[in-house]
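Here the structure is laid out as structure tokens; the discussion comes afterwards.
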Amino acid sequence: MAEEQPKIAIIGGGITGLTTAFYLNKLKDEFGSSFEFALYESEDRLGGKMRTIRKDGFVIECGPDSYLARKEAALRLIQALGIQDQLVRNETGGAYVLLRNKLHAIPDGAAMGIPTKISPFIITGMFSFLGKIRASFDFFLPRSSSGDRDQSLGTFFRYRFGGEVVENLIEPLLSGIYAGDIDNLSLMSTFPQFYHVEQKYRCLIYGMKKAISQPRQRPGARKPGIFQTLNNGLESIVEAVENQLPAEVIFKEKRVANIVKANGEYELNFADGSKELFDYVVVTTPHQVTARILNRYNAVKPLAEMSSTSVATVALAFPESAIKEDLDGTGFVVSRNANYTITACTWTHKKWLHTAPKGYVLLRTYVGRANDSGIVDESDRTIVNVVLNDLGKIMKIDNKQLLFSVVSRWKESMPQYAVGHRDRINTVRNQLKVECPGIILAGAAYEGIGVPDCIEQGENIARRLKTTLFKSCQAKVWI
């Protein structure tokens with residue numbers, strides 16, 4: 001195939017694969033038809049977990065609903081797609097932790113659960129007097145001594161603040177992002193910034209206060225939201241990418257059964273019995289799928305052992321009259337010590353004003369967590385009833401006025417970045433370079449589960465392939 005145009009396969013039509021395809025297509029536009037690429041997706045739609053339902057004026061996210069605005073990879077892609085006029089930021093408001101059957105306002109100044117203002121922390125009813133005293137040890141404790149060696153989030157934060165603050169505040173906020181157990185989640189692969197702040201300032205409270213210091217705002221001015229989405233849903237990104245890619249490079253309902261290296265090329269064997277050869281293969285499928293289609297190679301064996309959690313989101317639409325006692329805020333997370341099935345609830349119509357028609361309410365709840373995801377396998381009716389029962393203990397809602405519900409299950413969709421994750425992934429990639437140098441792995445299982453993290457991985461793959469394909473050329477456009 002040396003005399004032919006190089007061929008690139010992208011396996012997986014989630015946001016990582018779509019980003020890779022989008023930027024490769026821009027590269028192809030610049031340099032002409034000097035290479036070929038194709039995108040293969042096993043499902044009948046693109047986007048993976050990025051799925052939006054638009055119904056009766058509601059905008060309902062089935063998967064992620066937004067991204068951190070400070071992570072610029074998402075904005076770069078949105079601007080490249082020409083849909084930046086659709087961007088909106090979240091409304092800000094009170095957020096709560098459900099603890100001991102009561103909603104407690106998260107203390108003002110808490111940065112991901114870490115206090116940066118002392119007085120709100122002192123007066124909150126979330127912790128006992130002894131719990132607050134233990135948390136104050138952070139001012140005096142030396143830096144953690146693990147060096148750059150990994151440790152769990154639980155180990156790190158319990159050392160700094162003690163168990164009570166971790167269980168009642170930090171754990172509900174941090175573990176929910178990964179649907180994981182903070183005593184297993186890797187500090188260096190999930191929130192390494194906390195470690196670096198501690199190492200720089202020794203005191204994490206003082207260090208976080210310095211790290212998040214912002215210009216003084218005008219009195220009465222509302223603090224801008226830190227999240228962004230699009231006013232017609234995140235799937236707008238998926239739709240825009242698909243519309244701008246040539247139709248002939250997209251293959252839906254085309255499942256890859258396995259990949260075999262053959263004479264320096266890579267044979268993709270599809271479930272329908274067809275085969276095709278490629279020079280490079282970008283694999284963006286979930287880690288379990290990647291381990292299966294590459295199961296003849298030792299490099300990916302750690303991926304088969306990597307755990308993941310099943311979760312479900314439950315969207316509930318009501319008229320405003322159904323909410324008998326309104327709550328001032330945008331949502332709450334649930335402490336593991338609380339006897340509830342739901343793990344969090346967003347008052348979506350307040351956080352994102354575009355998501356519900358005027359006079360209506362949209363709530364979005366979450367179920368399923370590490371080591372406790374059996375609820376996800378229940379029927380839609382059972383899940384909705386459990387959620388409504390939980391909400392009824394917290395808010396006064398007339399369930400009879402429920403307009404509709406949307407249950408979205410994501411089985412084994414949340415990869416768990418266990419302690420040592422970064423080193424394991426580096427080992428996988430280094431060994432794969434030896435066994436199959438033309439295969440590239442990317443996606444939520446490797447370097448961040450957020451939308452911008454996956455987009456950035458797609459960007460980096462396109463850069464890497466640009467360098468490989470056009471060693472003597474300098475791209476004039478895109479990233």
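Regarding segment 114-211, what is the average projected area of its C-alpha convex hull, in nm²? Spell out each step's value before the answer.
Working: hull surface 23.2 nm².
Taking a quarter of the hull surface, the average projection is 5.8 nm².
According to a simple spin-label model (label point 7 Å from Cα along Cα-to-Cβ), what is the distance in nm between D398 and V434?
Calculated label separation equals 6.9 nm.
Could you state the per residue volume, in Å³, of the convex hull enclosing the Cα atoms of segment 166-285? Working shown, then result.
Numbers: hull volume 31.2 nm³, N = 120.
Per-residue hull volume (Cα only) is 260 Å³.
Starting from 0 in steps of 20 Å, tell me what percent of the Cα-Cα pairs of the chain lands in each bin.
Taking every Cα pair in the chain, the percentages come to 22, 54, 23, 1.
With the radius of gyration and the Kirkwood radius both derived from the Cα set of segment 1-81, what is their ratio Rg to Rh?
Numbers: Rg = 16.0 Å, Rh = 15.0 Å.
Checking Rg against Rh, the ratio lands at 1.07.
Please give the length that would be gained between A304 and V260 if that part of the chain were fully extended, namely 0.36 nm times their separation in residues minus their C-alpha to C-alpha distance (nm, one decimal).
On the way: separation 44, 0.36 × 44 = 15.84 nm, distance 1.79 nm.
Contour length minus the Cα-Cα distance gives 14.1 nm.
For labels at N385 and E253 in the simple 7 Å Cα→Cβ model, what's the distance in nm?
For the pair N385/E253, the computed spacing is 3.5 nm.
Please work out the FRET efficiency for the pair R89 and R296, using the Cβ-Cβ distance as r and a Förster radius of 60 Å; give the result to the nearest 0.05.
Numbers: r = 47 Å, r/R0 = 0.79.
According to the calculation, E is roughly 0.80.
On the Cα set of segment 308-415, report Rg and Dmax in Å, please.
13.5, 40
What's the ranking of 153-162, 202-211 by average number of surrounding C-beta atoms within 10 Å, highest first? Please list the in-between numbers first.
Values: 153-162: 22.3, 202-211: 19.1.
Put in order of decreasing packing, that is 153-162, 202-211.
Given the rule -39500 (n - 2.57) for each run of at least 4 DSSP H residues, summed and divided by the residues of the chain, what is its mean residue ellipticity at 222 nm, to the nearest 500 deg cm²/dmol? Intermediate values should be presented prior to the final figure.
Working: 16 runs with 154 residues, N = 479.
Value at 222 nm, helices only, nearest 500: -9500 deg cm²/dmol.
Given 0.36 nm per residue, what is the gain on full extension from N269 to R463 after removing their alpha carbon distance, in nm?
On the way: separation 194, 0.36 × 194 = 69.84 nm, distance 2.70 nm.
So the chain would gain 67.1 nm between N269 and R463.
Beyond a 27 Å Cα-Cα separation, which of these cross-linked pairs lie in this structure: K49/K433; K261/K466; K132/K411?
Numbers: K49/K433 29 Å; K261/K466 22 Å; K132/K411 39 Å.
As for pairs spanning more than 27 Å Cα to Cα, those are K49/K433; K132/K411.
Which FRET efficiency value, to the nearest 0.05, is calculated for Q244 and N337 with the Förster distance at 51 angstrom and r the Cβ-Cβ distance?
It comes out at approximately 0.60.
What ranking do 105-116, 251-262 get when scored by the average of other Cβ atoms within 10 Å per residue, highest first?
Numbers: 105-116: 19.6, 251-262: 16.1.
Order by mean packing, descending: 105-116, 251-262.
What ranking do 174-186, 282-294 get when scored by the average of other Cβ atoms within 10 Å per residue, highest first?
Values: 174-186: 20.9, 282-294: 23.3.
Descending mean neighbour count gives 282-294, 174-186.
Using a Förster distance of 25 Å, how high is the FRET efficiency between D108 and I53, based on the Cβ-Cβ distance and rounded to 0.05? Intermediate values should be presented prior to the final figure.
Numbers: r = 35 Å, r/R0 = 1.40.
After rounding to 0.05, the efficiency reads 0.10.
Roughly speaking, what % of Cα-Cα pairs in segment 240-317 are separated by over 15 Å, rounded to a whole number?
Everything past 15 Å amounts to 68 percent.
Computed from the coordinates by the stated procedures, all read-outs in this text should not be read as laboratory data. From a predicted model like this one, the values you see are computed outputs, not experimental measurements. Here the Cβ is made from the backbone with ideal geometry for all residues, glycine too, and neighbour counts use every protein chain on show.
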